[in-house]
Amino acid sequence: MNKFMRNLCLSAAVIGMGAGAVSPAAAQSGTSPELNDNKILNISHRGASGYAPEHTLPSYELGDQMGGDYIELDLQMTKDGELIAMHDETLDRTTDGSGLVKDHTLEEIKQLDAGSWFNEAHPEMANEGFKGLKVQTLEEVIEHFGKNKNYYIETKSPEVYPGMEEELLKILEEYNLIRQNGPSSRVIIQSFSEESLQKVHDLNGDIPLVQLIDYRTQATITDEELDHYHEYAAGIGMSYKKIDEEYVQKVREHDLLIHPYTVNDKEDMKRLLEWGVTGMFTNYPDVLEDALKELKMN
């Protein structure tokens, strides 16, 4: 058995502790449930955003078709309290509008073109069908793909949007996406804001949470920090460029998932898989699928 396959088996042991079984550490700490899965997660970052405009239906659809296990959404909140799929707090980069999301109603944002910018930025991937694409609400994405898909949702800039967590959980409950078909949710919620994740954990402890960490230099982490994250989260995420194999193994030893972002090169993917990550974000989910297949064959 090669190193990757050993790590894959270990990954199944760590990730698959969902249905009625948690690690002793989890049982003692009262942390949210581990994810009920037995595979390394291919997380389509803003959809297959290397091929189509991020956070649009074509991008999400491509991510699903290319083997993505989760549709990843960043959330912003409009002036009238609607949750929309958008990475930035401003409209300028990914639409033909300008200004802060929080200063515009959903009706105003729906008038914007959320696709043409991609054709201009990536002429090699340009598609006439991208012109005029609309910004999607969280509810519209769920209605389009259904409650049998998996959603990896980030509360983006939650300090700017009071009530974001309550609105998010309200929508997830309305669509029966919490504790569906067993003890694990079809939803993972991530955030750089510990306060936001702690709020979600207090509101509903059945949703797996991932704490994002922004390292400015090479990543280091202590046992105390990992024990703290384990009190409320199922895993952590960070830039793949800031970690090494020792870091990955230390996280794994604490029964936490590790989902680095945003990995687009196949050789980087293979290296991370050899190190033992339990999933990763990528703009090219088809490339990650190929990397997984190639390592399994070796």
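The values are calculated or read from the model by the stated rules, or taken from the named source; none is laboratory data. Model, not experiment: these values are computed from the prediction. As a convention, Cβ positions derive from the backbone with ideal geometry for all residues, glycine included, and neighbour counts pool all protein chains shown.
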Problem - strands (runs of 3 or more DSSP E) (entirely within the stretch 43-157) containing at least 1 residues that are at pLDDT 95 or above and among the polar types (S, T, N, Q) - result: 70-77, 151-155
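Name every residue in the stretch 176-191 that is at pLDDT 90 or above and in a loop (DSSP other than H, G, I, E, B), in order of residue number.
The first filter runs over the stretch 176-191 and keeps only residues at pLDDT 90 or above, leaving 176-177, 186-191.
Those that are at pLDDT 90 or above and in a loop (DSSP other than H, G, I, E, B): N176, L177, R186.
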Handout entry: Test set (1) modelled with pLDDT of 95 or more; (2) at negative phi - G279 fails condition number
Key = (2)
Practice task
Give D113, D92, D96, D88 a once-over and let me know the one that is over 25 Å from the mean Cα position of the chain (by Cα) and free of Cβ contacts under 8 Å to residues at least 40 places away in the same chain.
Solution key: D96
Handout entry: Considering residues of the stretch 52-91 that are charged (D, E, K, R) and farther than 17 Å from K134 by Cβ only, the residue surrounded by the most Cβ atoms within 10 Å (Cβ to Cβ)
Key = E72
Exercise for the section: Pull up the stretch 237-255, narrow it to residues that are without any contact (Cβ under 8 Å) to a residue 40 or more places away in the chain and either assigned to a loop (DSSP other than H, G, I, E, B) or in contact with a Phe, Trp or Tyr (Cβ under 6 Å, 6 or more places away or on another chain) (or both), then point me to the one that is nearest to D69 (Cα to Cα). Expected result: M238
Exercise for the section: Could you check S157 against (1) buried (at least 23 other Cβ atoms within 10 Å of the Cβ); (2) at positive phi and say which number it fails? Expected result: (1)
Completion exercise
Given the conditions (1) under 18 Å from the mean Cα position of the chain (by Cα); (2) part of a helix (DSSP H, G or I), every one holds for V263 apart from (2)
Practice task
Tell me, yes or no, whether the stretch 12-24 has at least one residue that is under 26 Å from E165 (Cα atoms), at pLDDT 95 or above, not aromatic (F, W, Y) and not in a strand (DSSP E or B).
Solution key: no
Handout entry: Identity of the residue in the stretch 196-227, polar (S, T, N, Q) and in contact with a strand residue (DSSP E or B) (Cβ under 8 Å, 6 or more places away or on another chain), that ends up farthest from K250 (Cα to Cα)
Key = S196
Exercise for the section: Would you check if L257 is buried (at least 21 other Cβ atoms within 10 Å of the Cβ), in contact with a Ser or Thr (Cβ under 8 Å, 6 or more places away or on another chain) and at pLDDT 95 or above? Expected result: yes
Exercise for the section: Filter the stretch 192-214 down to residues that are part of a strand (DSSP E or B) and among the hydrophobic types (A, V, I, L, M, F, W, C) and give me whichever is nearest to I171 (Cα to Cα). Expected result: L209
